[in-house]
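Participant: Dropping the structure in here first, questions after.
What follows draws every value from the coordinates through simple rules; no lab data is involved. Owing to the predicted nature of the structure, the values given are computational and were not obtained by experimental measurement. All Cβ positions, even for glycine, are placed from backbone atoms using ideal geometry, and neighbour counts span all protein chains on display.
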Amino acid sequence: MYKRDLVSITDYSLDELEDLFKLADDIEEHPRRYKSSCNNLKLATLFYEPSTRTRLSHESAMIELGGNVIGFSDAKASSASKGETVSDTMKVMSCFADIIAIRHNLEGTAMVAAEASSVPVINAGDGGHSHPTQTLADLYTIRKNFGRLNNLKIGFCGDLKYGRTVHSLIEALLRYENVEFVLIAPEELALPKGLKNLITDSGAKYEEVSSLEDALPELDILYMTRIQKERFTDLAVYDRLAGVYVLDKEKMERAKEKMIVMHPLPRVDEISTDVDDDPRIQFFQQVMCGKIVRRALILDLIERGSKEPIKRYDDIDEAEVGETCKCSNPKCITHFERGLKMRFKQGKGGKLLCAYCDSKIVEE
Amino acid sequence: MYKRDLVSITDYSLDELEDLFKLADDIEEHPRRYKSSCNNLKLATLFYEPSTRTRLSHESAMIELGGNVIGFSDAKASSASKGETVSDTMKVMSCFADIIAIRHNLEGTAMVAAEASSVPVINAGDGGHSHPTQTLADLYTIRKNFGRLNNLKIGFCGDLKYGRTVHSLIEALLRYENVEFVLIAPEELALPKGLKNLITDSGAKYEEVSSLEDALPELDILYMTRIQKERFTDLAVYDRLAGVYVLDKEKMERAKEKMIVMHPLPRVDEISTDVDDDPRIQFFQQVMCGKIVRRALILDLIERGSKEPIKRYDDIDEAEVGETCKCSNPKCITHFERGLKMRFKQGKGGKLLCAYCDSKIVEE
Amino acid sequence: MYKRDLVSITDYSLDELEDLFKLADDIEEHPRRYKSSCNNLKLATLFYEPSTRTRLSHESAMIELGGNVIGFSDAKASSASKGETVSDTMKVMSCFADIIAIRHNLEGTAMVAAEASSVPVINAGDGGHSHPTQTLADLYTIRKNFGRLNNLKIGFCGDLKYGRTVHSLIEALLRYENVEFVLIAPEELALPKGLKNLITDSGAKYEEVSSLEDALPELDILYMTRIQKERFTDLAVYDRLAGVYVLDKEKMERAKEKMIVMHPLPRVDEISTDVDDDPRIQFFQQVMCGKIVRRALILDLIERGSKEPIKRYDDIDEAEVGETCKCSNPKCITHFERGLKMRFKQGKGGKLLCAYCDSKIVEE
């Protein structure tokens, strides 16, 4: 068996995802059966940037399986400040832990970590690139509410440009049949063109609208997002946009009775607290679902492994590529990690992509 | 049963406190009986400002009951920096933990936390407002040394103006019979007038003196406090006052043989290290008592709950109050927490108080 | 029995070290036998400066023995910022933990901690002074690879001036027979004269060379070190020296087949990643050995204790010494800790040394 990791949601096939969700259901129904499953095992949470919710969700999940936790919650506490590579840190951590959850500000770091570590690695967020356990939580929440992941109309509202959780969930839902997307955002924060093409290419439909009120009555799911202050260099633009898409009691009256509202949290002003008691509000339930599905994930990674090694890059002759090519993404780990072998994958139309962060490769 | 919290020491009646202390005694005598009481349960320590002693005391207590710990020790590691309200954070944390200990710099935060959380909340200090587990530790230390909490003469020395632990302990002791207070402080750091009135109104006696030497021979308990540098805006005033009230070997000779010296720690210069071996010095024993009584508290909150919901505010018609009224305390959580419903309580003489931080309500 | 600590590697006799290594072997071979050895016990990791590897190595070791962990990873989270002495903090921590691992930036702190604590203390690094668990890890790695700790030729390469791990390992190996030292360093980073004298005085041999290539073929062990940027005040000197001693594939070809390469980690550029797959590269194995030997250390400190109190200072009449003498080391804890009794030991030729940090004593 090969070691298994969760670097990207596509590391799991649809069948494997379904097995994972069933395992999550089973743990939820019979917690006592699983309360010693990870006895004497250790999860390391290596958080190079703080994220209390994600970290504590993983830690709770491990503890509820009878396991233990070590780690750090801040880059300052790590050896990175002394110039250690992520690969070396992972080799060290593999001596201490049985499974690792890593969060890092640089994109593509999770793949570097997975390749260096001898124990399973969970990507708990690598910059703006990927955050697959959030996607697992989102999928599991939808499945729990609707009993299915196909035949749904889902609206995404707020920051669709930078919202990593939005991008990941769209990609994940495109693997299911007949999911329609309604994109509710100001022009400045519209979904990137690449993702819109991806929807169309997958044979799915999307529409772009600017009014939350108008879109609401049609939706099965409304996925709200925070407009993140830290994404803006011009705070004036932020101030203008922040208040635009706010969900309140009045708007909720227009929604279906069985519709649900999701949010990756933290929320700031985009959902008024006066709707919190509405049973359609499911974002705290979503947190609970996140913990439940992470229990299944940890158990699955530790116990099952993979029959085949996960293939994350294509065997492209590096000579063909040229020695002067590099990843176009300035936040990609490939620009910072010493001794890292560049990996490529074939994108659509033969375009060369960075296997770590999925960005385009450019010649210098 | 209702969920129980410890927001203020008055959340426990005198009978309930006595039960708690007896439980603490029992755990201390039979630790093995309790070593699995909290198996599979998690304490979350949410410390928005650092306090190693208080945090580790709670964590040790939980571990000694067989439980686990998650949390953070620093606001930076929390979602607060992303603009999340305390209420939302507590709802999230309720998904992860079975009991929560929170420390926050803003006054009144513990009540906000208790109202939002679905699991028991322990106030581990909310700004200058309240620190009831320290008071529990103090009461338990006194009870362990004297076998009683009434008929005592207790001297408070040092910073009686800002010393939160002093204020809380005085209020707690006023519930017991025949406790006399000797207030030993410079004029600049005298006990606030409100608290002096409270003593008198409760039918208890106090005297204010400026000499530690003169006061010592009469005391059953001397409660020393650190003059906290961080409370002063003018460091010259601090420098003048810091050295005034220092307990040393010579002064200890004037004290009763059965007298005890307490201190909330950390001490700086106010108690000379040359008295550390004196058996009357009880401040490290006080740390041990704090851990012991916290074991009882955690167990009590998780297992017993409350027959009645704790009533922390009066049903005052908000219209009566006027929409323009607000808490007079600029460090009160009510000025920072979005979506918070203002709560009032009736103070003495019908004066309106903020239910969160006990400060006066003012009209704008 | 007396409480035992590991302040310095010399706290253990050679026989005791051998027992410790045998215990480490036994735990490694039969982990199940030991998986509950520390049930219900707590290790406190008090890290006043961050060091992820060392902290997590201790924590992993404790958890693998069935124990629990509390602590902090950063001075900011401690009471030191409020002016508490190390001694007071240790007395408090003794109420919470059954064993303590402390790391501090000031030299001599571990001895202060050991004297104040009522539970065993492990020195996890006190400034540039001592880091005995690293030395344990190094010795155990050598013993595991060669089956012996005598009759070895070991080369030290890189920063031999400031490299604390180098100094400690040399001192430790001098207790074994027939160990030869090859010192490979630029003049600016040569081994301090005191240590070279110590080698000679112990009857051992050393040679100083400047070429890594030339030295390699003779060595049983090559101990590489990072040239630490943070040790330099003049960054130009750092830049010139950093790249000089780099181990790569070509150089490895000159080494013996049974030779091993060690490194205390983190490495930066001094070992090329292209040699990582060479079986002689043992620095990740060294991390594993560090965890294994720490399991034995924790168990030994908790269970065995010491028949005799460890004697760390001589009974020198302080009057003889004169009241105006002090430690010559400005980074020594004696200049910062209030209420600390100065301790001395007799160095070679009757020279007076600070018992805390081993530096010379000077008259003011």
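Participant: Looking only at other chains, what is the average number of their beta-carbon atoms within 10 angstrom of each beta-carbon in B:94-100?
Facilitator: 5
Participant: Which loop trypsin sites (Lys or Arg not before Pro) in the stretch A:142-189, with loop taken from DSSP, have no more than 12 other Cβ atoms within 10 angstrom of their Cβ?
Facilitator: Loop-located and lightly packed - A:R148.
Participant: Largest first and in whole Å, what are the equivalent-ellipsoid semi-axes of the stretch A:318-363 based on the Cα gyration tensor, each being the root of 5 times an eigenvalue?
Facilitator: 16, 12, 9
Participant: If contacts are Cα pairs under 8 angstrom and at least 6 residues apart, what is the relative contact order of the stretch C:134-287 in percent?
Facilitator: 24
Participant: Suppose only helical runs count, i.e. DSSP H with n ≥ 4. What mean residue ellipticity at 222 nm does that imply for chain B under -39500 (n - 2.57) per run, divided by all residues and rounded to the nearest 500 deg cm²/dmol?
Facilitator: -10000 deg cm²/dmol
Participant: Residue-wise, which Karplus ³J(HN,Hα) couplings in Hz belong to the stretch C:18-27, taking 6.51 cos²θ - 1.76 cosθ + 1.60, θ = phi - 60°, and x for glycine or proline?
Facilitator: With coefficients 6.51, -1.76 and 1.60, one gets 4, 4, 4, 5, 5, 4, 4, 4, 5, 5 Hz.
Participant: Please list the non-local residues whose amide H lies under 5 Å from the amide H of B:K256, H modeled 1.01 Å from N, same-chain partners needing a gap of 5 or more.
Facilitator: B:L219
Participant: What value does the stretch B:236-364 have for Rg/Rh, both radii from Cα atoms and Rh as Kirkwood defines it?
Facilitator: 1.15
Participant: Pick out, in residue order, every one of the GluC sites (Glu not before Pro) in the stretch B:276-342 that is DSSP loop and has at most 13 other C-beta atoms within 10 Å; say none if there are none.
Facilitator: Sites meeting the loop and neighbour criteria: B:E323.
Participant: With an 8 Å Cα cut-off and a minimum separation of 6 or more residues, compute the relative contact order for chain C in percent.
Facilitator: Computed over chain C, the figure is 18 percent.
Participant: Roughly how big is the protein assembly as shown's charge dipole about its Cα centre, with Cβ charges of +1 (Lys, Arg) and -1 (Asp, Glu), in debye to the nearest 20?
Facilitator: 1340
Participant: Rounded to the nearest 20 Debye, what is the dipole magnitude of the stretch C:1-159 about its Cα centre when Lys and Arg each give +1 and Asp and Glu each give -1 at the C-beta?
Facilitator: Value, rounded to 20: 340 debye.
Participant: Putting +1 on Lys and Arg Cβ atoms and -1 on Asp and Glu Cβ atoms, find which of C:Q346, C:L191, C:L160 reaches farthest to the positive end of the dipole of chain C.
Facilitator: C:Q346
Participant: Here's a follow-up. In percent, what relative contact order does the stretch B:1-144 have, based on Cα pairs under 8 Å that are 6 or more apart in sequence?
Facilitator: The normalised contact order for the stretch B:1-144 reaches 27 percent.
Participant: With a/c under 1.5 counting as rounded, go ahead and sort chain C into rounded, prolate or oblate using the C-alpha gyration tensor (a ≥ b ≥ c being the square roots of the eigenvalues; past the cut-off, prolate if a/b is larger than b/c, else oblate).
Facilitator: Oblate, because a/c is 1.5 or more while a/b does not exceed b/c.
Participant: Which one of B:Y2, B:G66, B:V112 has its Cα pushed farthest toward the positive end of the charge dipole of chain B, where Lys and Arg give +1 and Asp and Glu give -1 at the Cβ?
Facilitator: B:G66
Participant: Placing the label point 7 Å from Cα along the Cα-to-Cβ direction, what are the distances from C:K193 to the equivalent spots in the other copies, shortest first, in nm to one decimal?
Facilitator: Reported distances to equivalent positions: 7.2, 7.2 nm.
Participant: Looking only at other chains, what is the average number of their beta-carbon atoms within 10 angstrom of each beta-carbon in C:67-75?
Facilitator: 6
Participant: Using the 10 angstrom Cβ neighbour count as an exposure proxy, how do C:T85, C:T324 rank, fewest first?
Facilitator: In increasing order of surrounding Cβ atoms, one gets C:T324, C:T85.
Participant: Which whole-number percent of Cα pairs in the protein assembly as shown have a distance greater than 62 Å?
Facilitator: Counting pairs separated by more than 62 Å, the tail of P(r) holds 12 percent.
Participant: How long is the stretch C:134-287 along each principal axis, judged by its Cα atoms, biggest number first, in Å?
Facilitator: In descending order, the Cα extents are 41, 37, 27 Å.
Participant: A further question follows. Using the crude model of +1 on Lys and Arg Cβ and -1 on Asp and Glu Cβ, and no other charge, please compute the dipole size for the stretch B:318-363 relative to its Cα centre, in debye to 20.
Facilitator: Result for the stretch B:318-363 is approximately 200 debye, rounded to the nearest 20.
Participant: Okay, next question. Other chains near A:337-350: what is the mean number of their Cβ atoms within 10 Å of each residue's Cβ?
Facilitator: 1
Participant: Another one. Would you mind checking which residues have amide H under 5 Å from C:I281's amide H? H placed 1.01 Å from N; only 5 or more apart, or other chain.
Facilitator: It is C:V261, by chain and number.
Participant: Hey, what do the phi angles of the stretch A:279-290 turn into as Karplus ³J(HN,Hα) couplings, whole Hz, using 6.51/-1.76/1.60 and θ = phi - 60°, x for Gly and Pro?
Facilitator: Using θ = phi - 60°, the values come out as x, 6, 6, 10, 7, 7, 4, 4, 4, 4, 4, x Hz.
Participant: Amide H to amide H, which residues 5 or more places from B:C325 or on other chains are under 5 Å from it, using H placed in the peptide plane?
Facilitator: B:E364
Participant: Quick one: 3J(HN,Hα) in Hz for the stretch C:175-181, Karplus 6.51/-1.76/1.60 with θ = phi - 60°, rounded, Gly and Pro as x.
Facilitator: 7, 9, 7, 6, 9, 9, 10
Participant: If you don't mind, another one. Could you check which residue among A:E107, A:E253, A:E213 shows the biggest mean-square fluctuation in a GNM of chain A with a 10 Å Cα cutoff?
Facilitator: Of A:E107, A:E253, A:E213, the Gaussian network model singles out A:E253 as fluctuating most.
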